[in-house]
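Structure record follows, encoded as structure tokens.
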């Protein structure tokens with residue numbers, strides 16, 4: 001014989017059903033960590049190409065959004081997408097030469113339309129005509145998805161991988177430099 005559910009049981013079942021619907025597994029969301037890993041690998045290949053002077057491959061593997069912003073490891077005003085016409089991309093390929101590159105992923109953050117990579121980049125490369133030397137950068141890169149493609153929306157890089165003293169940080173923050181251009 002069928003016994004009707006008590007009101008409290010129906011309320012509990014309704015709450016459980018609502019919770020299930022709100023937190024229903026989302027295959028796309030479950031794939032986000034793998035997507036972030038694949039994107040990190042692709043970005044590492046892009047940056048390795050750039051360190052060899054291959055800016056065309058870099059641009060193909062890490063296309064920029066129309067609202068892209070770069071905060072360069074050399075400081076100065078942030079640059080934007082409009083600052084990267086084809087001629088500048090080609091100049092970037094001439095700025096970096098004969099380099100090797102590796103990337104350590106520190107952390108990733110992912111959402112349906114955005115992935116953030118926090119990395120340490122290490123290169124041995126000729127930069128701007130200087131002899132080859134080791135370069136290490138702390139980098140935060142933000143990617144946004146349009147359709148099935150990911151675009152680089154923001155990159156912030158700084159050369160402070162090694163600790164600096166409070167006075168060194170204060171000198172950098174205050175813009176103090178000696179005649180050679182070095183902060184003191």
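None of the figures in this text is laboratory data; all of them are computed from the coordinates on show. Everything numeric in this text was worked out from a predicted model, so none of it was measured. Cβ sites come from the backbone with ideal geometry, for glycine too, and all protein chains shown count toward neighbours.
For the range 27-174, the relative contact order is 23 percent, taking Cα pairs closer than 8 Å that sit 6 or more residues apart in sequence and dividing their mean separation by the residue count.
Per residue, the Cα convex hull of the range 27-174 amounts to 120 Å³. Measuring r between the beta carbons of residue 57 and residue 118 and using R0 = 22 Å, the FRET efficiency lands at 0.40.
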